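Novice: Submitted below is the structure of interest, expressed as structure tokens.
The values are calculated or read from the model by the stated rules, or taken from the named source; none is laboratory data. Predicted model only: the values in this text are computed from it and were never measured. Counting neighbours? That spans all protein chains shown, and the Cβs are built from the backbone with ideal geometry, glycine included. Ligands, DNA and RNA are stripped out before the accessible areas are found, and what is left, the full protein with its side chains, is counted by its heavy atoms. Shrake-Rupley method; radii C 1.70, N 1.55, O 1.52, S 1.80 Å.
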Amino acid sequence: MSEHELRVSKIRDGTVIDHVEGGQALNVLAILGIDGSEGFGVSVGMNVPSDRLGRKDIVKVEDRELSQSEVDVLSLIAPEATINIVRDFEVVEKNRVTRPDTVTGVLSCPNRNCITNADEPIETRFDVVADGVRCDYCATILRADIADHIDV
Amino acid sequence: MRQDHLITATQLSRDDIETVLDRARAVADDPAAYADRHAGRVLALCFFEPSTRTRMSFDSAAKRLGMNTIDMGDVDSSSVSKGESLSDTVRVIEGYADAIVLRHPSEGAATLAGERVDVPVVNAGDGAGQHPSQTLLDLHTIREDHGLDDLTIGIMGDLKYGRTVHSLAAALTEFDANQHFISPESLRLPRSVRFDLHETGAQIREHEEIEPVLDELDVLYVTRIQKERFPDENEYHRVAGEYRIDAETLDAAADDLTVMHPLPRVDEIAPDVDETDHARYFEQAHNGVPVRMALLDTLLENANPDADEGTEVDR
Ligand SMILES: [Zn+2]
């Protein structure tokens with residue numbers, strides 16, 4: 001671990017999400033549905049100098065691992081992120097996020113007139129396109145504001 | 001066309017379009033040959049918002065193929081307003097009919113319906129989304145006048161909420177067409193439609209005024225600008241007035257310009273245009289019947305590939 005990362009305390013067991021684009025850390029927490037009330041230990045480093053990204057954010061969550069759908073959505077707002085699984089202070093697994101082809105059931109459609117917002121028994125489904133996601137039902141494209149529409 | 005449903009025009013290939021339009025021409029040439037083609041089959045007309053013309057056009061098309069039609073009656077008194085989901089409604093109706101025509105106020109409704117049922121679903125308009133059967137009849141009308149390649153078309157009016165525009169623009173990318181989009185800034189094409197057009201490498205230009213492009217056009221497709229889209233009625237009148245054409249406007253157009261409109265119109269095309277050689281909107285509406293006959297025939301054939309064996313009709 002580099003000197004810079006020591007600014008955020010080490011964790012015994014849990015997940016470290018590193019190389020998050022600067023400024024996205026709180027959105028990462030939103031994707032994970034973490035607001036502090038769950039009781040997990042959470043450390044956030046923001047705008048930490050990074051060779052790769054210039055400035056990056058780091059999120060460390062104790063006693064919590066991530067589901068695939070969380071990782072999928074994470075990849076949309078933090079395409080460079082690495083996900084480190086920590087057990088007994090050691091990184092036991094290190095994964096890069098990969099952009100999925102589709103994201104099902106995690107985002108809500110911003111189009112109020114979309115059938116997915118009409119009380120139907122239906123999961124949202126978005127195709128991942130060049131610089132955003134696109135509702136499979138109404139074709140609305142969502143770009144910069146993806147984090148505002150997370151519905152996990 | 002090897003599809004089960006017709007949900008959006010983006011799903012249509014050039015081949016699909018030409019298959020339906022060729023068949024529409026055959027239907028128009030010899031309607032009697034198609035009269036009993038689907039006798040005994042039932043078409044459900046599910047209109048969750050009123051559209052008398054589109055409903056009658058499908059109804060007429062089905063009956064001219066020998067089909068019976070059923071519908072939901074007045075939507076306000078049906079279970080729809082009592083909270084039944086669209087998913088459940090179409091599943092129930094699937095058991096009553098061989099195909100479903102769906103008009104719904106929400107974008108994506110037809111996609112959902114198509115996922116829920118096995119009988120063919122035709123999207124007859126989903127909110128501000130798509131209206132692909134209208135597009136087929138629009139293309140039929142254009143093809144009869146100009147062909148579909150080497151075409152320069154102007155599409156004017158409400159491009160943002162105009163589902164007929166979204167479908168037409170997508171379908172034209174299958175052909176060699178230059179598309180000019182003419183609208184006020186606030187009613188430009190939505191991002192998703194522009195995205196698809198750019199993906200296909202389509203030749204498109206956007207304008208706020210028609211005058212600079214009018215004389216280049218083979219086709220001018222006019223749509224209605226709706227008052228509800230403007231919070232301020234004065235602003236509506238100002239904008240609507242700028243996107244209105246009359247016979248005098250068309251003095252600057254090519255002699256063989258075709259003027260089209262999905263109808264109903266309010267005052268975006270002055271009645272004096274009706275008397276010019278440019279007006280084609282009533283024929284366009286009439287083309288709805290043979291084109292929808294051809295469409296239903298094609299979809300039902302796909303759904304029942306062996307059912308028509310032994311008929312005498314030459315395809
Ligand atoms: Zn949507």
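Novice: Evaluate E = 1/(1 + (r/R0)^6) for A:Lys94 and A:Leu26, where r is the Cβ-Cβ distance and R0 equals 30 Å; express this FRET efficiency to the nearest 0.05.
Specialist: 0.80
Novice: At 7 Å along the Cα-to-beta-carbon direction for both B:Asp267 and B:Asp22, put a label point, then send me their distance in nm to one decimal.
Specialist: Spacing of the two 7 Å Cα→Cβ label points: 4.7 nm.
Novice: Does anything in the stretch B:162-177 have its amide N under 16 Å from the 7 Å Cα→Cβ label point of B:Thr152, and if so which residues?
Specialist: Under 16 Å, as judged by backbone N against the label point of B:Thr152, lie B:176-177 of the stretch B:162-177.
Novice: Cα centroid distance between the stretch A:81-95 and the stretch B:116-139, in Å?
Specialist: A separation of 50 Å, based on Cα centres.
Novice: Next up: Rounded to the nearest 0.05, what FRET efficiency do A:Arg143 and B:Asp30 give with R0 = 60 Å and r taken as the Cβ-Cβ distance? Could you check?
Specialist: 0.70
Novice: Quick one: compute the contact order of the stretch A:14-96, relative version, from alpha carbon pairs under 8 angstrom and 6+ residues apart, as a percent.
Specialist: 41 percent
Novice: Using only Cα atoms, locate the centre of the stretch A:120-134 and the centre of the stretch B:1-40, then give the distance between them in Å, rounded to an integer.
Specialist: Cα centres, the stretch A:120-134 to the stretch B:1-40: 31 Å.
Novice: At a 1.4 Å probe, which residues in the stretch A:112-152 are at least 40 Å² less accessible with all protein chains present than in their chain isolated?
Specialist: The answer is A:Asn113, A:Ile115, A:Glu120, A:Pro121, A:Arg134, A:Tyr137, A:Ile141, A:Arg143 - residues whose exposure falls by at least 40 Å² when every protein chain is included.
Novice: Here's something else I'd like to know. Using Stokes-Einstein with the Kirkwood hydrodynamic radius over Cα pairs, what translational diffusion coefficient do you get for the stretch A:14-96 at 20 °C and a viscosity of 1.002 mPa s, in µm²/s rounded to a whole number?
Specialist: For these conditions, the coefficient is 170 µm²/s.
Novice: Another question about this same structure. Taking a spot 7 Å from the Cα of B:Asp232 along the direction of its beta carbon, which residues of the stretch B:166-193 have an amide N less than 15 Å from it?
Specialist: Backbone N within reach: B:185-186.
Novice: Further, regarding this structure: So how far apart, in nm, are the two label points at B:Asp145 and A:Ile85 if each is 7 Å from Cα heading toward Cβ?
Specialist: Distance between label points: 6.4 nm.
Novice: Continuing with the same structure: Determine which residues of the stretch A:109-152 fall in the zone a paramagnetic label at A:Val44 would reach in this model, i.e. backbone nitrogen under 20 Å from the point 7 Å along Cα→Cβ.
Specialist: A:144-152
Novice: Another one. Reachable aspartates and glutamates from A:Lys94, Cα under 15 Å, same-chain residues fewer than 8 places away excluded?
Specialist: A:Asp13, A:Asp18, A:Glu65, A:Glu80
Novice: Moving on. List the DSSP H helices in chain B whose Cα atoms stretch 15 Å or more along the helix axis and whose mean Kyte-Doolittle hydropathy is at least -0.5.
Specialist: The answer, listed by residue number, is B:288-303.
Novice: Amide H of B:Ile70 versus every other amide H placed in the peptide plane: which residues, excluding those fewer than 5 positions away on the same chain, fall under 5 Å?
Specialist: B:Leu43, B:Ala44, B:Leu45
Novice: For B:Lys227, A:Lys56, A:Lys94, give me the order by solvent-accessible area with a 1.4 Å probe, most accessible first, ignoring ligands, DNA and RNA. Intermediate values should be presented prior to the final figure.
Specialist: On the way: B:Lys227 95, A:Lys56 10, A:Lys94 140 Å².
If we order B:Lys227, A:Lys56, A:Lys94 from most to least accessible, we get A:Lys94, B:Lys227, A:Lys56.
Novice: How many Å² of accessible surface get buried when A and B come together, counting both sides, probe radius 1.4 Å, rounded to the nearest 100?
Specialist: Working: alone 8310 and 14210 Å², together 21080 Å².
That pair hides around 1400 Å² of surface in total.
Novice: Between B:Lys63 and B:Glu115, what FRET efficiency follows from the Cβ-Cβ distance if R0 is 25 Å, with the result rounded to 0.05?
Specialist: Approximately 0.30, to the nearest 0.05.
Novice: Keeping all protein chains in position, work out how much accessible area B:Ser133 exposes to a 1.4 Å probe, and write it in Å² to the nearest 10.
Specialist: Here the accessible area works out near 0 Å².
Novice: Same structure again: Determine ³J(HN,Hα), in whole Hz, for all residues of the stretch A:93-99 in sequence, where each value follows from phi through the Karplus function 6.51 cos²θ - 1.76 cosθ + 1.60 and θ = phi - 60°; x replaces Gly and Pro.
Specialist: 8, 10, 10, 7, 6, 10, 6
Novice: Leaving out ligands and nucleic acids, note down the accessible area per residue over the stretch A:14-96 with a 1.4 angstrom probe, in whole Å².
Specialist: Ligands and nucleic acids excluded, the result is 46 Å² per residue.
Novice: Whole number in Å², please: accessible area per residue of the stretch A:102-149, 1.4 Å probe, ligands, DNA and RNA not counted.
Specialist: Normalised by residue count, the accessible surface of the stretch A:102-149 is 44 Å².
Novice: Using DSSP to call loops (not H, G, I, E or B), can you name the GluC sites (Glu not before Pro) in the stretch B:1-95 whose Cβ has at most 13 other Cβ atoms within 10 angstrom?
Specialist: B:Glu84
Novice: Run the simple label-point estimate for A:Arg12 and B:Glu49 please: 7 Å along Cα→C-beta, distance reported in nm.
Specialist: 5.9 nm
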